Every structure is written in structure tokens, then in C-alpha cells.
Amino acid sequence: MREPAFWRKPSSLLSRSLMPVGALYGAIAARRLSRKGLRAGVPVICVGNYHLGGAGKTPTVLALAGVLRSLGETPVVISRGYGGRLRGPVRVDPDRHEAADAGDEPLMMARTLPVIVSRQRAAGVAPARALGASVILMDDGFQNPALAKDISLIVIDGDRGLGNGRVFPAGPLRAPLPPQLARTDGLVIVGPGSAADDVAARIKARGGLVLRARIVPDDASVAALRGRRVLAFAGIGDPPRFFRGLRACGVDVAAERAFADHHPFSRRDVAALQAAAGQDGLTLVTTEKDLARLRNNENLAAFAQTVAPFAVRLAFDDETLLRSFLVDRIAEARRSD
């Protein structure tokens, strides 16, 4: 969905008028948060958001997987497979599945590590363990009580924060903030902004971990676009952040096209993008997540080959602190099991 502008305005009349609905939604969400979930038998690390929309969960999952592997762990991802038709549980196969099957984020992650799509997350535990998982990484699902979490890491954008701080539909929060804070073990702030400082202070006051992280562009992607004028397009939670990231790397962004998160590209979309780029001699560029939806669609695969990917990764400012935290908390989870 595309985030409505009033979610950013605390004094919005529309937001205030929706607060009674938000109170009801929040009460139900808070009640669900209090339920006890299934113990997986291996440590479960959940990477989630307090709010609707994107903040960098998928890059965080991939970065965490790298850290866990360096610690000798075998991480396997369980994802709901948002946007896909498969209920699962099923292992995502990039050579066989499309984004319409498994969702674009699981499809992208499955190129580098094992991913199980399971609409019922608890049902994904057995196939994950069959793949040798020593640790399960949950991509999203912080508010879902079905599977017990040993570590809950919340990702928040340093520039956007929590918007007006109200519960959906009056604002972007998926549940009231206090019960979400109470279940948070660590906060990952992506980017240099200060919009998350208040939340960070509250997490620190509870003894939780607070980490800063940044999105780092792939050198080869930047080099491939050097000297070219580009038309950048993206269907992610925050397309303007992608466009800003390109410009920050010195890429000449001559035109932008923003789509809703998880947008299912059509032939009409493709034709419009090709026409706009061709008219001004521009190179098409998009995110790896968007490219995953295009590459694995047999009707759009040829178009995908003409689009330059802009690959990025998430880097933690203090990976040593993160490693120490993970070692301690994983050992604690194993003792409790």
C-alpha cells in the first residue's frame, strides 16, 4: 500500500477522526501480542517493524544471516510470503517460483540463503529444521503470536520514524507502542536521521540493544551507472529513499517513477517505462526487490534483462556489539529450550 500523507501529520483532522477505529484495532492487536506462541526447538530471531510499510527489514535479515553464518550458525528464513499465492510451507526456489507464487522479498532472499514461505509461520518450523536450521530468522511477524520469539529486533528508518505515532488507520502503527516496546529486545535504526531517537532512548532505558546501520551501495552497481542518465523506478515501501540513494552515489537521475510497495508490474507499466526511457535516451534502473518480481515473471523477463539493478547491503555501525548480543541471547535461548 502507499502510505497516506496524513500519517505524517499529528494534527491532521482525518487522523483524529479515525482514532476511535484505531483504538479498537489497537486493542485487538495488543491482545494478540500477549499470547504465547509455539516453541520452535531452535532459537528464533524475529526482524520486524512497529509500523506498516518498509524500513529495511529484508536488508537487515540478509545482514543478520551473514553475521550468524560467521558465528558458525545455519540460519533459515521463515516468511509469510506477502504478495504470493502459496500458503506453504514450501522452500522458495528462484529457478521455479515467481513473485506471484512466493512474494518478491522471499524470492530475492532465496538467491543467497534458504527461505521457507509459510502463511502459518509455526508450520514453517519443521521444514526449516529439516534444512538444518540452527537458528530461524523470521522476516516480519513481530505482531504475530503463533511462533515464540527468542530475540525480537525492530527496524526503524532514522528519517521517517513512526510518523504521527497513532495506530492504524489513524496512523502507521500496527499496535499501540507500549506493548510493542515491552517485547522489543533490540532496535536497528537505518540511516543517520534523528526521528527514531525517542524510541531508541526508551529501548535503552529498558536495557535493550540499540544499533545504527546504513545502506551501502554495491560498488559494481554504481560503476555500471557512472556517466549514464537514468530513469529510476521502484515499487518499495519508500521509493524516494531509493532515488536519494542513487543521487548520493553520484548517479544522474533524470526521471523517477514511484509505485506502491510490492507493485505487480504489468505489460502496460513496462511499455510506459520503455517509452519514457527511450524518448530521452535514459538507462532504466531499479531495486533488487523490484527486479525479482520482473525476472521471475515469464512475460516480463526479457524486459528485466534491459534494466540495471542497483544492489545494496545493510552494514551495522557496531557489528562487534551485535555479535556479542547474538552469542549471549542465542546461548540463553538454547538453555531455556
Exercise. Highest first, please rank the peptides 38-51, 164-177, 263-276, 208-221 by the mean number of other Cβ atoms sitting within 10 Å of their residues.
Key: 38-51, 164-177, 208-221, 263-276
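How much accessible area per residue does the chain have, counting only protein heavy atoms and a probe of 1.4 Å, in square angstrom? Present the calculation step by step, with values, prior to reporting the outcome.
Values: 14920 Å² over 337 residues.
Roughly 44 Å² per residue, with all protein chains present.
Give me Rg/Rg_expected for segment 120-279, where Rg uses Cα atoms only and Rg_expected = 2.2 N^0.38 Å with N residues.
On the way: Rg = 19.6 Å, N = 160, 2.2 N^0.38 = 15.1 Å.
Cα-based Rg divided by the globular estimate yields 1.29.
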Practice problem: As a check on your grasp of the helix formula, calculate [θ] at 222 nm for the chain: sum -39500 (n - 2.57) over DSSP H runs of n ≥ 4, divide by the residue count, round to the nearest 500. | Solution: -10500 deg cm²/dmol
Quiz prompt | Interchain or long-range residues, amide H under 5 Å from residue 308's placed H | solution = 284, 285, 286
Quiz item: log₁₀ I(q)/I(0) of segment 40-82 at q = 0.29 Å⁻¹, via Debye over equal Cα point scatterers, no solvent, to two decimals?
Solution: -1.20
Quiz prompt | Charge dipole (debye, nearest 20) of the chain; +1 at Cβ of Lys and Arg, -1 at Cβ of Asp and Glu | solution = 1000
Quiz item: Using r as the Cβ-Cβ distance of residue 315 and residue 96, and R0 as 22 Å, what FRET efficiency do you calculate, to the nearest 0.05?
Solution: 0.10
Practice problem: With +1 on each Lys and Arg Cβ and -1 on each Asp and Glu Cβ, and nothing else charged, work out how big the dipole of segment 1-150 is about its Cα centre, in Debye to the nearest 20. | Solution: 620
Practice problem: Apply the Debye scattering formula to segment 252-337, with a single equal point scatterer on each alpha-carbon and no solvent, then give log10 I(q)/I(0) at q = 0.16, 0.18, 0.22, 0.26 Å⁻¹. | Solution: -0.70, -0.79, -1.08, -1.39
Exercise. Would you calculate the separation in nanometres between label points at residue 8 and residue 331, each defined as 7 Å from the Cα along the Cα-to-beta-carbon direction?
Key: 4.5
Practice problem: Place +1 on the Cβ of every Lys and Arg and -1 on the Cβ of every Asp and Glu in the chain, take the dipole about the Cα centre, and give the residue among 307, 84, 236 whose Cα lies farthest towards its positive end. | Solution: 84
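Wrap a convex hull around the Cα atoms of the chain, take a quarter of its surface area, and give that in square nanometres. It would help to have the intermediate numbers written out before the result.
Numbers: hull surface 68.3 nm².
Mean shadow area of the hull around the Cα atoms is 17.1 nm².
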Quiz prompt | Viscosity 1.567 mPa s, 4 °C: Kirkwood-radius Stokes-Einstein D of segment 193-279 over Cα pairs, µm²/s | solution = 83
Practice problem: Taking the Cα centre of segment 144-218 as origin, work out the dipole magnitude from +1 charges on Lys and Arg Cβ and -1 charges on Asp and Glu Cβ, in debye rounded to 20. | Solution: 220
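For the ranges 235-246, 24-35, what's the packing order if you count other beta-carbon atoms within 10 Å of each residue, average per peptide, and put the highest first?
Numbers: 235-246: 20.2, 24-35: 14.4.
The packing order, highest mean first, is 235-246, 24-35.
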Quiz item: Ordering 289, 9 by how much accessible area each has at a 1.4 Å probe, largest first, what is the list?
Solution: 9, 289
Self-check item: Options 26, 99, 330, ranked by Cα towards positive dipole end of the chain, top entry (Cβ charges)
Solution: 26
Quiz item: What ³J(HN,Hα) values, in whole Hz, does the Karplus curve 6.51 cos²θ - 1.76 cosθ + 1.60 give for segment 141-152 when θ = phi - 60°, with x put for Gly and Pro?
Solution: x, 4, 8, 8, x, 5, 10, 5, 9, 8, 9, 10
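The values are calculated or read from the model by the stated rules, or taken from the named source; none is laboratory data. Only a predicted model underlies this, so the values are computations on that prediction, with no experimental measurement involved. Neighbour counts are summed over all protein chains in view; Cβ atoms, including those assigned to glycine, are modelled from backbone coordinates with ideal geometry. Please note that ligands, DNA and RNA were not included when accessible areas were found on the heavy atoms of the full protein model with its side chains. Shrake-Rupley method; radii C 1.70, N 1.55, O 1.52, S 1.80 Å.
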